[in-house]
Amino acid sequence: MTTQEIYPRFTKSLLHPKYWLTWMGIGVWYILILLPYPIIYQLGKGLGLLIPKIMYKRQETARQNLKLCFPDMPKQEREKMLRDNFISTGVAIFETGMAWFWSDKRIKKHSTIIGDNYIQQMLKEGKGVLLLGIHFLTLELGGRILGMVHPGVGVYRPNDNKVMDYVQLKGRLKSNKYMIGRYNTKGMIRALKNGELVWYAPDHDYGPKNSVFAPFFAVHKAATTVGTTILVKLGKPAIIPFTPKRGADGKYTVSVSSPLKNYPLDDDVAAATFMNKAIENEILKAPQQYMWLHRRFKTRPEGDDSLYSDKVQND
């Protein structure tokens with residue numbers, strides 16, 4: 001183990017009384033995850049329909065994101081997508097547990113991978129792969145499905161709750177060789193140069209630092225990280241997007257796209273525009289299963305008004 005790698009470590013401090021409720025919740029969650037999938041889905045659906053009633057600000061954020069990205073879509077159609085998105089949000093809570101607790105056998109029974117040959121070819125050539133894990137609500141489960149075939153290097157943000165952090169790490173290491181911190185750019189570059197597969201998600205608004213403004217759907221100026229360019233320029237990987245999609249039959253399909261070509265390395269705005277377009281193409285494969293609850297457009301160019309109303313400013 002090197003200082004660049006993160007592994008779960010159980011300590012007596014995790015048994016402190018302040019964590020007992022967390023352990024109880026994880027226990028109940030684990031038991032529910034053992035139920036047959038149709039029951040799990042119905043529980044998730046019920047939870048998803050409840051979320052907008054108790055998280056009103058999140059609902060308004062998601063509604064505004066859909067309006068900004070799909071202004072020409074009829075309002076009734078957007079509202080249906082919003083409802084379906086919250087159902088997917090509820091189901092995602094259980095899908096995360098499936099990703100962390102289900103056996104390989106049960107995962108395989110409910111999943112399939114399309115386009116795996118793209119990854120196989122790159123790894124066979126000894127080339128690192130920057131796998132674009134776009135923030136679908138199914139991402140955690142999609143990562144487990146693909147990671148059982150191609151264990152890679154996970155990019156990790158610690159959970160504030162130490163018990164959840166421990167459980168999360170153990171769960172993600174079922175499909176990863178090891179984890180590295182999200183700000184450990186040197187570690188990512190090193191892994192890519194060593195021919196590893198590195199999971200990377202460039203589709204959220206990470207603030208103005210190290211970002212430029214580029215089009216994203218119908219929003220002409222969306223803050224977009226330039227971190228991808230650094231990894232591509234120094235790590236020289238193949239850039240491969242993938243989409244994990246939940247089917248109506250309860251089956252999960254991980255669709256791997258062909259490697260992106262002609263990434264513009266010398267222009268940050270052109271690179272961000274290029275990457276956002278690739279992300280859009282993946283989102284459109286299952287837009288109702290994308291994480292619209294995040295305030296994707298909270299960072300604005302200096303002098304521009306917020307795209308969110310006051311009632312969703314603090315979500």
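The values are calculated or read from the model by the stated rules, or taken from the named source; none is laboratory data. Every value quoted in this text rests on a predicted model; they were computed, and no experiment measured them. Counting neighbours? That spans all protein chains shown, and the Cβs are built from the backbone with ideal geometry, glycine included. Calculation scope for accessible area: heavy atoms of the full protein, side chains included, ligands and nucleic acids excluded. Shrake-Rupley method; radii C 1.70, N 1.55, O 1.52, S 1.80 Å.
Tabulated results
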| item | result |
| --- | --- |
| Tally, over the range 254-264, of residues that are over 24 Å from K109 (Cα atoms) and open to solvent by less than 60 Å² (accessible area, probe 1.4 Å) | 5 |
| Given (1) charged (D, E, K, R); (2) over 19 Å from F217 (Cα atoms); (3) assigned to a loop (DSSP other than H, G, I, E, B); (4) touching a residue at least 24 places away in the same chain (Cβ under 8 Å), number of the condition R296 does not satisfy | (2) |
| The range 207-225: number of residues that are in a strand (DSSP E or B), touching a residue at least 12 places away in the same chain (Cβ under 8 Å) and open to solvent by 60 Å² or more (accessible area, probe 1.4 Å) | 2 |
| Residue satisfying condition, being farther than 15 Å from F297 by Cα and of a type in the set (F, W, Y), within set F242, F213 | F242 |
| Within the range 98-133, tally of residues that are out of contact with any Leu (no Cβ under 6 Å at 6 or more places or on another chain) and assigned to a helix (DSSP H, G or I) | 17 |
| The range 93-144, residues that are among the aromatic types (F, W, Y) and farther than 16 Å from G171 by Cβ | Y118, F136 |
| Single unsatisfied condition, A248 versus (1) of a type outside the set (S, T, N, Q); (2) out of contact with any strand residue (DSSP E or B) (no Cβ under 8 Å at 6 or more places or on another chain); (3) under 22 Å from C69 (Cβ atoms); (4) open to solvent by 10 Å² or more (accessible area, probe 1.4 Å) | (3) |
| Residue in the range 226-243 that is at pLDDT 95 or above, part of a loop (DSSP other than H, G, I, E, B) and open to solvent by less than 20 Å² (accessible area, probe 1.4 Å) present | yes |
| Matching residues, the range 134-182, being under 12 Å from the mean Cα position of the chain (by Cα), surrounded by fewer than 23 Cβ atoms within 10 Å (Cβ to Cβ), touching a residue at least 60 places away in the same chain (Cβ under 8 Å) and not in a loop (DSSP other than H, G, I, E, B) | Y156 |
| Residues satisfying the stated conditions in the range 1-59, i.e. hydroxyl-bearing (S, T, Y) and either open to solvent by 100 Å² or more (accessible area, probe 1.4 Å) or out of contact with any strand residue (DSSP E or B) (no Cβ under 8 Å at 6 or more places or on another chain) (or both) | T2, T3, T11, S13, Y19, T22, Y30, Y37, Y41, Y56 |
| Only listed residue being assigned to a helix (DSSP H, G or I) and either open to solvent by 20 Å² or more (accessible area, probe 1.4 Å) or within 18 Å of L197 (Cβ to Cβ) (or both), chosen from E77, E95 | E77 |
| Qualifying residue in the range 266-278 (condition: open to solvent by 40 Å² or more (accessible area, probe 1.4 Å), farther than 20 Å from G48 by Cβ, assigned to a loop (DSSP other than H, G, I, E, B) and in contact with an Asp or Glu (Cβ under 9 Å, 6 or more places away or on another chain)) | no |
| Answer from P38, P71, P52 - the residue that is of a type outside the set (A, V, I, L, M) and not in a helix (DSSP H, G or I) | P71 |
| Subset of the range 1-56 [hydroxyl-bearing (S, T, Y) and more than 29 Å from V198 (Cα to Cα)] | S13, Y19, T22, Y37, Y41, Y56 |
| Residues of the range 183-200 satisfying the condition of being in contact with a helix residue (DSSP H, G or I) (Cβ under 8 Å, 6 or more places away or on another chain) and in a loop (DSSP other than H, G, I, E, B) | G195 |
